[in-house]
Amino acid sequence: MAKFLLNAVRWLDAGRKGLVGVDASLEKLCGLFSEEEVKSQVSELTGNMSVYCCPSYSDKQVETIHAFVAEGGGLLIGGQACFLPLGWPHLHHSTRKERPGKSAHHCRRGSQSSFLQAW
């Protein structure tokens, strides 16, 4: 998984070798990034970052994230996938619909920016 995350962040960075911002809930990523000489810091999203890593379970900073992605910033959203049997489509639909963080997921629509959702 470490190799996947590093490759994802490097792809989202698009060769800029910029600062990778990491939400406090994912601070362990900074240890991984520092081992591979990827500049990172635990922080809320700021304008000097090229990539931002955040959890999928929060609607915190949604407007700021939308603007960041629209302006070409890379966004890595991490979360835990859950398996819902196809025989329960009503449960699957309502779970997706009411899920915290769904607003940030929709920012990729209509935008050509780099966006990666890691499940």
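The values are calculated or read from the model by the stated rules, or taken from the named source; none is laboratory data. Here the structure is a predicted model, which is why all the values come from computation and not from measurement. Positions of Cβ are generated from backbone atoms using ideal geometry, with glycine treated the same way; all protein chains shown enter the neighbour counts.
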Which one of these is closer than 24 Å to residue 1 by Cα, of a type in the set (Val, Ile, Thr), under 12 Å from the mean Cα position of the chain (by Cα) and at pLDDT 85 or above: 51, 62? 51
So, in the stretch 17-26, exactly how many residues are surrounded by 14 or more Cβ atoms within 10 Å (Cβ to Cβ) and either farther than 21 Å from residue 60 by Cβ or among the charged types (D, E, K, R) (or both)? 2
Filter result (in a helix (DSSP H, G or I), of a type in the set (A, V, I, L, M, F, W, C) and under 17 Å from residue 42 (Cα atoms)) within the stretch 1-26: 5, 6, 9, 24, 26
Taking first residues from the stretch 30-43 that are of a type in the set (A, V, I, L, M) and second residues anywhere that are exposed (fewer than 15 other Cβ atoms within 10 Å of the Cβ) and part of a loop (DSSP other than H, G, I, E, B), the pairs with Cβ under 7 Å that are 6 or more apart or on different chains are 42/27
